[in-house]
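Read-outs throughout are calculated quantities, based only on the coordinates presented, and are distinct from any laboratory measurement. Being a predicted model, the structure only gives us computed values, none of them experimental. Note that we place each Cβ from the backbone using ideal geometry, even for glycine, and neighbour counts take in every protein chain shown.
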Amino acid sequence: MKAKHVLILLSGLLALQSQLSAQEQGPAPLVLTAQLQPNKSNKLRRIPIMAPPGAPKGVFLYQVSREEPPVSDQVKNYKLFFIETPPDLAGAMRAYSSDDLNTAKRQLARVRATYAPFIGLPNNPSTTAALLELSCNARSMDWSELGKVVEEFPAPKSLEASNRLKLEAARVLSHVSDDPGTAESRAKEAEDVISSAQRSNSVTSETYTWLKYALARALASNIPPAELQKGISERNAKVASQAVDAYCEAAASAHGRYMEIPVDAMHRAFHILWAMPGVRDYIPQARKMDKKVWGAAPCNFKDAVALAYLLRNVYAPALKDEAVTTACGFYFSEQLNTKKAPKK
């Protein structure tokens with residue numbers, strides 16, 4: 001059925017429905033407020049809109065007055081079509097920005113379901129809520145729930161390029177695991193999407209952080225846990241170094257104040273570096289830290305100490321980790337004329 005025929009049919013049905021009693025009509029239709037500017041006008045209108053069930057993408061209804069029946073129209077007829085944020089979505093956004101992630105998750109899921117009839121319209125609340133749900137679950141590191149949101153995402157094909165990449169990155173991130181048996185396939189999945197993102201002008205820092213973190217977790221799962229405790233073998237040093245690089249790229253790509261994944265990436269990178277060959281053997285020499293001792297230290301030792309210092313003094317002062325505390329004590333800055341080492 002052609003779009004114009006659908007519009008005629010919808011208008012006819014709505015005109016008929018307006019003559020029915022309130023009981024016959026059932027629940028009142030869901031209404032949002034939109035700001036509209038027609039293509040051939042400079043006048044901005046602020047009117048309530050409705051989403052007819054089963055309508056083609058880009059079709060909506062509006063009602064000029066209560067005395068007149070709703071009129072069907074199309075988004076393409078307007079050079080500005082902006083749906084104002086409804087109160088329930090605004091509340092979920094406040095919870096998210098206040099770091100109340102559990103509350104935000106519940107509220108965003110409700111908003112996504114409530115405004116599902118509007119998913120054919122640009123910047124609709126359902127899609128906006130779903131995109132924020134991805135970020136909410138990523139910050140919580142709730143990989144299972146993140147995967148559910150990805151699978152249930154409303155009308156993914158209608159997303160603009162940057163958000164399509166974000167959704168794909170969320171899919172990759174939801175597969176995070178420490179299972180070495182799936183490490184190779186997960187690394188390839190992350191690398192493929194990273195390659196696609198690098199060719200795009202639409203990739204965001206959040207998306208790139210997710211992808212690099214997912215790649216790092218895949219690479220790091222090849223390192224046996226026992227080696228992180230006792231020291232990484234020469235055989236695993238290469239993949240360990242690759243994991244550290246990916247973790248640090250994830251942290252460096254992040255912008256803004258939502259640092260859960262970047263901090264976790266830095267923390268994991270530190271523990272790999274602290275277990276690298278030659279690092280722990282150098283600790284006894286580093287007890288008396290000075291310029292000469294610092295200058296002779298292995299690069300992995302210096303990098304581990306630098307990460308520990310950043311974690312303790314900048315990104316995660318409340319972090320309780322004995323190894324970080326020890327490493328941080330070896331920090332040496334010639335510029336600040338400081339010589340720090342943990343007490344014996």
### Query
Which residue, 273, 30, 165, tops the fluctuation ranking in a GNM of the chain built on C-alpha contacts under 10 Å?
30
### Query
What 222 nm value per residue comes from the helices of the chain, counting each DSSP H run with n ≥ 4 as -39,500 (n - 2.57) and dividing by all residues, nearest 500 deg cm²/dmol?
-16000 deg cm²/dmol
#### Entry: Of [x] 21.2; [y] 23.6; [z] 19.3, the label for Kirkwood radius over Cα pairs in Å derived from the coordinates
[y]
### Message
Multiplying the sequence separation of residue 44 and residue 287 by 0.36 nm and subtracting their Cα-Cα distance, what value in nm do you get?
### Response
80.5 nm
### Message
If I take R0 = 22 Å and measure r between the Cβ atoms of residue 79 and residue 30 in this structure, what FRET efficiency does the formula 1/(1 + (r/R0)^6) give, to the nearest 0.05?
### Response
0.30
### Query
Using the alpha carbon gyration tensor of the stretch 196-247, what are the three equivalent-ellipsoid semi-axes (square root of 5 times each eigenvalue), largest first, in whole Å?
28, 10, 7
### Query
To the nearest 0.05, how large is the calculated FRET efficiency for residue 226 and residue 191 if R₀ is 22 Å and r is the Cβ-Cβ distance?
0.20
### Query
Expressed in nm to one decimal, what extension gain is obtained for the pair residue 322 and residue 90 from 0.36 nm per residue of sequence separation less their Cα-Cα distance?
79.4 nm
### Message
Under 10 Å, Cα contacts only: if you run a Gaussian network model on the chain, which one of 76, 43, 105 comes out with the highest mean-square fluctuation?
### Response
43
### Message
Modelling each spin label as a point 7 Å along the Cα-to-Cβ direction, I'd like the residue 164/residue 97 distance in nm, to one decimal.
### Response
3.0 nm
### Task
For the chain, with a Gaussian network of springs between Cα atoms less than 10 Å apart, report the residue from 137, 39, 123 with the top mean-square fluctuation.
39
### Message
Counting only GluC sites (Glu not before Pro) that sit in a DSSP loop (anything but H, G, I, E, B) with at most 16 other Cβ atoms within 10 Å, what is the longest stretch of the chain containing none of them?
### Response
161-333
